[in-house]
Structures are given as structure tokens and as C-alpha cells.
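Note sheet for the following structure.
The values are calculated or read from the model by the stated rules, or taken from the named source; none is laboratory data. Predicted model only: the values in this text are computed from it and were never measured. Because the Cβ atoms are built from the backbone with ideal geometry, glycine has one as well, and the counts that use them run over all protein chains shown.
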Ligand SMILES: [Zn+2]
């Protein structure tokens, strides 16, 4: 990944950002939803929050460890991957960019016309892996695993959550972000590896029409139960003897995790994540 290009995405004003990569494509903008029709069977979704006027953008990097820090990173990296990175490998999904709204479900009437998508996705999940939220389907999880994604029943909000009524299956992929808000950093080794995995997954799945039954509506209770207190990602319920790998979020006895001190204030990783993400050389 070109770090200069990522810096540009993270530091430019939000109004300019919406003009990135839009040459020659139909573009709709009502201040909340931005839609780009690339004539693709797949819909990419990115959330982008408004800029805080009191918080000037900053960006810094460590070239050796391929870490980057920015107070805009968490809001921008998903869009950066969709707009700037995927086209470099020939992947140009249609894009729905969900901006700050007054709350509630975005009104997408008039955006897609009669267009149906095979599936939708975003890169809005911190760290590594992939999640499907209410679109969970065992057979599709098997496909994700086949292309190297760790499956995470992750909590938290993603823009694709609010778009269930469209009736498209949704995937949320890890973007290599660690930390939150203005303290977020991206571990580009992980971001890049996630993009590689996505290329394999996309090429295998782009023509498959995936089924999501929207007729039952969004059963919020079922969704909450799915992420219930026995879920390993409910950190309040983790016993003192177990700790969670910062990447795959798997649970391991405390002594089995290794701290990578050269990354930020140190992250704890399992042996598999260290090997598959090539962190060995940083130990
Ligand atoms: Zn791990």
C-alpha cells in the first residue's frame, strides 16, 4: 500500500474526499448518502464520519514496521481501500458511502433503481478477520475461512448492519486498525494481507448470488442472543487465566501470547497470528 496515498485520504477535507476516483462515473450526493455506479454486481459500503473542526488532521508513519497513525484513520481507511486500493487490482464495486446522518436507517430509495446486488461488503472491522453480523451463514463462513479469514462474531456497529433491508448478504472485513478514534493506528502488514485475502474471495464469489431472507425483517433479539454473554468477545467475561489475541481475538492461556513491543504500546498475539502476519522479525 502506498502510504503517501493513504496520508492524502486521511488528511484531505471531507468535501474533497468525495471527489476521489469519481471521474466519469455517475455520482449522487444528498449530503448523507453518496452512491457511485461502476456497473458492478457487488456493492461496496463505507462509512465516513464528519470532520471535527477542532481536531486538525495529523498523520505519522513508521516505515520499518509499516504502522501509520492518524486521528482520521478509523473514519477513512475503509473508504481508502474501496476507492483507491481495490481498483489497483481491477476490483471496482459500486459504492455506497454512508455519511453522518441524523440517526436511524439510511433512506436508500432512489439510489439503486431496479438494481440488485449479489452481495455487499465493507472494510469496517478493526484488526483482522471477517464478520457477517445478522447475515451469518455457515456455508459462507466456510468460504471466508478458505480464503484465509479468521471468522469473528464481532460486536459493534458497521454500516452494513443498517442496510439489512436491502436484502443483500453482507460481509465486513478487518482493515488492520488497532485502537479507536483519534488514537487509531493501522498495521499495514495486516491491511495488505486482508486485501490479498479479499481478492481471492472476491474473484471466487463475485458472480454468486447469495441469499439473505429479508422477509423475516431484522430480528434484533436474535441478533443480541447471537452476541450473547457467552460470546468469547465479551471481554468482561474473560477469565483471568485467559487472554485474547489482539488480531484473531481467539482466547489463549495468558503465557501463550507474545507481546510485540515495537508496535504502539505493545499488542499481544498468538503464535499463529505472529507467523501468518510475519511479525516474527519484529520480536
Ligand atoms: Zn491470533
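A few comments on the model shown:
- Every condition in (1) at pLDDT 65 or above; (2) away from the ligand (no atom under 16 Å from the Cβ); (3) under 24 Å from residue 148 (Cβ atoms); (4) assigned to a loop (DSSP other than H, G, I, E, B) holds for residue 198 except the one numbered (4).
- Per this entry, residue 176 is not counted among residues that are outside the structural domain of residue 99 (by TED's automatic domain parsing) and either at pLDDT below 90 or over 29 Å from residue 76 (Cα atoms) (or both).
- Meets criteria (in a loop (DSSP other than H, G, I, E, B) and out of contact with any helix residue (DSSP H, G or I) (no Cβ under 8 Å at 6 or more places or on another chain)) for residue 208: yes
- Number of the exception - residue 223 against (1) more than 10 Å from the ligand (Cβ to nearest atom); (2) modelled with pLDDT of 60 or more; (3) assigned to a helix (DSSP H, G or I); (4) under 20 Å from the mean Cα position of the chain (by Cα): (2)
- Checking residue 263 against (1) surrounded by 14 or more Cβ atoms within 10 Å (Cβ to Cβ); (2) at pLDDT 70 or above; (3) outside the structural domain of residue 65 (by TED's automatic domain parsing); (4) away from the ligand (no atom under 13 Å from the Cβ), the condition it does not meet: (2)
- Counting only strands (runs of 3 or more DSSP E) that sit completely within the stretch 9-49, those holding 1 or more residues that are modelled with pLDDT of 90 or more correspond to 42-47.
- Residues of the stretch 160-167 include none that is assigned to a strand (DSSP E or B) and either in contact with a helix residue (DSSP H, G or I) (Cβ under 9 Å, 6 or more places away or on another chain) or surrounded by 18 or more Cβ atoms within 10 Å (Cβ to Cβ) (or both).
- When the stretch 123-146 is filtered for residues that are in a helix (DSSP H, G or I), surrounded by 14 or more Cβ atoms within 10 Å (Cβ to Cβ) and modelled with pLDDT of 85 or more, the ones remaining, listed by number, are 135, 140, 141, 143, 144.
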